[in-house]
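So the structure is just underneath, and the comments pick up after that.
The values are calculated or read from the model by the stated rules, or taken from the named source; none is laboratory data. Small disclaimer: the values here were computed from a predicted structure and weren't measured. Ideal geometry is used to build each Cβ from the backbone, glycine not excepted, and the neighbour counts take in all protein chains shown. Accessible surface is based on the protein model in full, side chains and every heavy atom, while ligands, DNA and RNA are left aside. Shrake-Rupley method; radii C 1.70, N 1.55, O 1.52, S 1.80 Å.
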Amino acid sequence: MVKLTIDNLPVEVPEGTTILDAAKSVGVVLPTLCYLKDINDIGACRVCVAEIEGRSKLVTTCNTPASEGMVVLTNSPRAREARRINVQLILSQHDCNCPTCIRSTNCGLQKLANDLGIISQPFTKDVPEKKWDMTFPLIKDDSKCIKCMRCIQVCNKVQSVGIWGLDNTGSRTTIGVTGDREIAESDCVLCGQCVTHCPTGALSERDDTMKAFRALANSDLITVVQIAPAVRAAWGETLGISREFATVKRLVAALRKIGFDYIFDTNFTADLTIIEEGNEFVKRKFNNPEPNRYPLFTSCCPGWVRFMKSQYPDMMEHFSTTKSPQQMFGAVAKSYLAEILKVDPSRIFCVSVMPCTAKKAECALPGMDSTGTGPDVDLVLTTREIDRLIVAEHIQPMNLTEEEFDQPMGISTGAGVIFGATGGVMEAALRSVYFLATGKNPDADAFANVRGMNGWRESTFHIEGKPVHIAVASGLQNARNLVEAIRKGEVRYDFVEVMACPGGCSGGGGQPIAMNKELAQVRGQSLYGLDKNSALRFSHENPSIGALYERFEGDELVHRVHELLHTDHNA
Ligand code: HC1
Ligand code: SF4
């Protein structure tokens, strides 16, 4: 332990603790901008500077360890002045058009400037801007970039994808796509983690809200919207309502006010995914067992699918052929629902509300047009975009009362809702695999030890006398480690779930941004709470799924289901 004083407060912390963390332990919270704990502690922005008695230079507290006898002053005149100048220097290279910025009111730099009372921008400088493909789902605005390097570090260290690097030098330094490539030519998996870790509006999703408004205004179209599992755990975060109040039924009410004609639940097709994927696994493991070198991989996360396609293309055939719940929903909406409504599928405009940026690309993949009338999913909005729509429609979230989903695609089970948390797809699948293999339901919590936040977890369960080895990973560096170990024969699994974003969709790149807070775990817990309280906890008990299969009963069933619900993921 080391003893020191910070702003005249005595502090005792373990050796190696940074001054920043030591200060926090006694309630002194220094501002930061570039700092991301254990990921980016390079002291680039110099906003966290403090004065140490006896030293001539100020230190960056995020990467300077506290030491015995230190006397730290975080707000001495020198420290205060330096911090202010450092922020002004950053502002001098930043396009400060805050009213039109996507991160206005949720920007680390704006908050800092406000907190420090900087009410004029003393410098102005042209920022070299590179052309950007504005059709790509990930948008970069150089004029907002403060070169904090968070995107570089997150993409490298957390996702092992390495898209971003430094271009130019000195005051002309910018962040660009490595290898001087266009973003669309790169291996970007569109996880959006660089967006959720960007402190400013330099990185964002492509804004598709105007397309939604245009569709809503078109009276020829029937607007059908689906809400993804993880959205319900997060949509209220930036709207000033508590997680408890921000129920999915209040989101249904908001979407109805916005004017969507039908509001359905992606959880319904999450249940459908489990039936299809569960059957695929049972065939592979129990009915027709073959010694597979590689496990069956879940296929619902488009970031993970993109990652494997670019990094390990020889393993694509081991993906489950089931489409993701988002894509199954679109296919079912434009076939089954169109038949129920007795309308031509081309009149259905299918919108998804997703916690994900990669879903914007998934819906545009070739082959995701199962009725031949256009894409199954027409438009994907992130949780952030739907929040913007709610605000733009001057809906007062605190005045919303709960409303029900429409039917028949509004019924779902607790197994469907946990898709939004890491391990949830595996747990949901195992509940139904057990049933499909034995004819009996297991205890609904029999597979709960796949839960957790460790990046790579494994378990063995015994079903019908056979050991079933499974693994779950989230975050692509963890996924890469797991895939490498499988390839080297160091580990052997039957079934593997991977979600690209740490914590799964709860921590998705399209979720509301909370500066310096990782909320995937708390959101995931709220999904597990919904599962626990569900009347139905097994996908195979969803009565609406039974009705859908009955609709396609007969000779046509196998062909029709395959066409609607499966894909080879190679597009
Ligand atoms: Fe997900 Fe999925 S769980 S991928 O994280 O399989 O986005 O929430 O909608 O499709 O259901 C995301 C979430 C989501 C799909 C489902
Ligand atoms: Fe990297 Fe993901 Fe950002 Fe693409 S979206 S640049 S893969 S962090």
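Filtering the range 243-271 to residues that are open to solvent by less than 10 Å² (accessible area, probe 1.4 Å), farther than 22 Å from Ile222 by Cβ and more than 10 Å from ligand 1 (Cβ to nearest atom) leaves only Ala246. For the range 304-370, the helices (runs of 4 or more DSSP H) that sit wholly inside it and include 2 or more residues that are open to solvent by 10 Å² or more (accessible area, probe 1.4 Å) are 338-341, 359-362. Looking across the range 514-529, the residues that are out of contact with any Pro (no Cβ under 9 Å at 6 or more places or on another chain) and aliphatic (A, V, I, L, M) come down to Ala514, Val522. Cβ separations smaller than 9 Å between residues 6+ apart or across chains give the following pairs from the range 500-528 residues that are closer than 16 Å to Ala246 by Cβ to residues that are among the aromatic types (Phe, Trp, Tyr): Gln511/Trp235; Pro512/Trp235; Leu527/Phe419.
For the range 22-47, filtering for residues that are more than 28 Å from the chain's Cα centre (by Cα) and not in a loop (DSSP other than H, G, I, E, B) leaves 4.
Of the residues making up the range 391-410, not a single one is without any contact (Cβ under 8 Å) to a residue 60 or more places away in the chain and open to solvent by less than 10 Å² (accessible area, probe 1.4 Å).
Residue by residue, here is whether (1) assigned to a helix (DSSP H, G or I); (2) closer than 25 Å to Met499 by Cβ; (3) modelled with pLDDT of 95 or more holds:
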position	(1), (2), (3)
Pro199	no, yes, yes
Arg214	yes, no, yes
Asp220	no, no, yes
Thr223	no, no, yes
Ala230	yes, yes, yes
Ala254	yes, no, yes
Phe281	yes, yes, yes
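Which one is most open to solvent (accessible area, probe 1.4 Å), of the residues in the range 186-210 that are charged (D, E, K, R) and within 11 Å of ligand 2 (Cβ to nearest atom)? Ranking the candidates gives Asp187 first.
The selection criterion, being surrounded by fewer than 16 Cβ atoms within 10 Å (Cβ to Cβ), modelled with pLDDT of 95 or more and either farther than 28 Å from Cys505 by Cα or out of contact with any Asp or Glu (no Cβ under 9 Å at 6 or more places or on another chain) (or both), holds for Asn114.
Could you list, in sequence order, all residues of the range 285-303 that are under 17 Å from Thr273 (Cβ atoms) and either more than 16 Å from ligand 2 (Cβ to nearest atom) or part of a helix (DSSP H, G or I) (or both)? Within the range 285-303, Leu296, Phe297, Thr298, Ser299, Cys300, Pro302, Gly303 qualify.
Among residues that are closer than 22 Å to Thr321 by Cα and either acidic (Asp, Glu) or out of contact with any Pro (no Cβ under 7 Å at 6 or more places or on another chain) (or both), Glu280 is included. Which of the residues spanning the range 506-544 are open to solvent by 50 Å² or more (accessible area, probe 1.4 Å), within 17 Å of Ser474 (Cβ to Cβ) and in contact with a Gly (Cβ under 9 Å, 6 or more places away or on another chain)? Answer for the range 506-544, where residues must be open to solvent by 50 Å² or more (accessible area, probe 1.4 Å), within 17 Å of Ser474 (Cβ to Cβ) and in contact with a Gly (Cβ under 9 Å, 6 or more places away or on another chain): Glu518, Gln521. Taking the conditions (1) closer than 24 Å to Pro325 by Cα; (2) over 23 Å from the mean Cα position of the chain (by Cα) in turn, Thr438 satisfies each one other than (1). Condition check for Val71 on (1) surrounded by 15 or more Cβ atoms within 10 Å (Cβ to Cβ); (2) touching a Ser or Thr at 6+ places or on another chain (Cβ under 9 Å); (3) among the β-branched types (Val, Ile, Thr): one failure, at (1). Could you go through the range 8-27 and let me know if any residue there is surrounded by fewer than 19 Cβ atoms within 10 Å (Cβ to Cβ), in contact with a strand residue (DSSP E or B) (Cβ under 9 Å, 6 or more places away or on another chain), in contact (Cβ under 8 Å) with a residue 40 or more places away in the chain and small (Gly, Ala, Ser). Looking for residues that are surrounded by fewer than 19 Cβ atoms within 10 Å (Cβ to Cβ), in contact with a strand residue (DSSP E or B) (Cβ under 9 Å, 6 or more places away or on another chain), in contact (Cβ under 8 Å) with a residue 40 or more places away in the chain and small (Gly, Ala, Ser), one finds at least one in the range 8-27, hence yes.
The set of residues from the range 74-100 being outside any helix (DSSP H, G or I) and farther than 28 Å from Arg55 by Cβ comprises Gln93, His94, Asp95, Cys96, Asn97.
Scanning the range 448-475 for residues that are touching an Asp or Glu at 6+ places or on another chain (Cβ under 8 Å) and open to solvent by 10 Å² or more (accessible area, probe 1.4 Å) yields Ala448, Arg451, His469.
Evaluate the following for Ala50: is it under 32 Å from the mean Cα position of the chain (by Cα) and not in a loop (DSSP other than H, G, I, E, B)? Spelling it out, it is not the case that Ala50 is under 32 Å from the mean Cα position of the chain (by Cα) and not in a loop (DSSP other than H, G, I, E, B).
Taking the range 287-317 as the range and being aliphatic (A, V, I, L, M) and away from ligand 1 (no atom under 13 Å from the Cβ) as the test, the residues that pass are Leu296, Met308, Met315, Met316.
For the structure I just gave you, tell me whether Thr422 is open to solvent by 10 Å² or more (accessible area, probe 1.4 Å), closer than 30 Å to Ile102 by Cα and among the hydroxyl-bearing types (Ser, Thr, Tyr). Answer is no for this residue.
Within the range 153-185, being in a helix (DSSP H, G or I), open to solvent by less than 50 Å² (accessible area, probe 1.4 Å) and farther than 23 Å from Ser104 by Cα holds for Gln153, Cys155, Val158, Thr178, Ile183. For the range 272-293, the set of residues classified as touching an Asp or Glu at 6+ places or on another chain (Cβ under 9 Å) and open to solvent by less than 10 Å² (accessible area, probe 1.4 Å) consists of Phe281 only. Among the candidates Gly374, Gly410, the residue that is touching a helix residue (DSSP H, G or I) at 6+ places or on another chain (Cβ under 9 Å), assigned to a loop (DSSP other than H, G, I, E, B), over 18 Å from Ala535 (Cα atoms) and not basic (Lys, Arg) is uniquely Gly374.
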